[in-house]
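Just so it is clear, none of the values below were taken in a lab; they were calculated from the coordinates. Here the structure is a predicted model, which means the values were calculated and not measured. No Cβ is skipped: glycine too gets one built from the backbone with ideal geometry, and neighbour counts run over all protein chains shown.
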Amino acid sequence: MIRGIRGATTVKANEETEIIQATKAVLEDIAKQNNVVPDQIASILISVTHDLNATFPAKALRLIDGWKYVPVMCTLEIPVPNSLPRCIRIMVTTNTNKKQEDIQHIYHHDAKQLRPDLVK
């Protein structure tokens, strides 16, 4: 079964190191909380708000052992007025036997307000 696992985080500043580290932390939590290994991942889509352009957050994957060949793409979020600033959103599409209600979606920092119903 193919499932999507959502994740998001925010950063305090538009700085390369902070963007990469925040993205890496969410990806690692997604993998750990859902028992996902790189070979199970079909692809990852990462979006950022318009105020984040210091780097590609996809660089974070290359810092995680075994994730070298995981397909990843970055894109811009829709610039909705009054939306959460400095936000990185992640969608991991993976093969899993888990039911949708058993998927652990991961939200860090201010991104927890995006889906309080999914934050545990």
Problem - Filtered residues of region 64-93 (kept if hydrophobic (A, V, I, L, M, F, W, C) and either over 24 Å from residue 2 (Cα atoms) or over 13 Å from the mean Cα position of the chain (by Cα) (or both)) - result: 64, 67, 70, 76, 78, 80, 84, 87
Problem - Residue that is in contact (Cβ under 8 Å) with a residue 40 or more places away in the chain, in contact with a strand residue (DSSP E or B) (Cβ under 6 Å, 6 or more places away or on another chain) and not basic (Lys, Arg), where the choices are 20, 44 - result: 44
Practice task
Select from region 54-81 the residues that are surrounded by fewer than 15 Cβ atoms within 10 Å (Cβ to Cβ), within 22 Å of residue 114 (Cα to Cα) and in contact with a Ser or Thr (Cβ under 6 Å, 6 or more places away or on another chain) and list them in ascending order.
Solution key: 75
Practice task
With the checklist (1) over 19 Å from residue 93 (Cβ atoms); (2) of a type in the set (D, E, K, R); (3) part of a helix (DSSP H, G or I) in hand, flag the one item residue 29 doesn't pass.
Solution key: (1)
Fill in the blank from the handout: Within region 94-112, residues being outside any helix (DSSP H, G or I), over 17 Å from the mean Cα position of the chain (by Cα) and not hydroxyl-bearing (Ser, Thr, Tyr) number 3
Practice task
Could you check, for region 26-38, whether at least one of its residues is closer than 17 Å to residue 111 by Cα, in contact with a helix residue (DSSP H, G or I) (Cβ under 7 Å, 6 or more places away or on another chain) and surrounded by 18 or more Cβ atoms within 10 Å (Cβ to Cβ)?
Solution key: yes
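If you go through region 82-89 one residue at a time, do you hit one that is closer than 21 Å to residue 37 by Cα and surrounded by 12 or more Cβ atoms within 10 Å (Cβ to Cβ)?
yes
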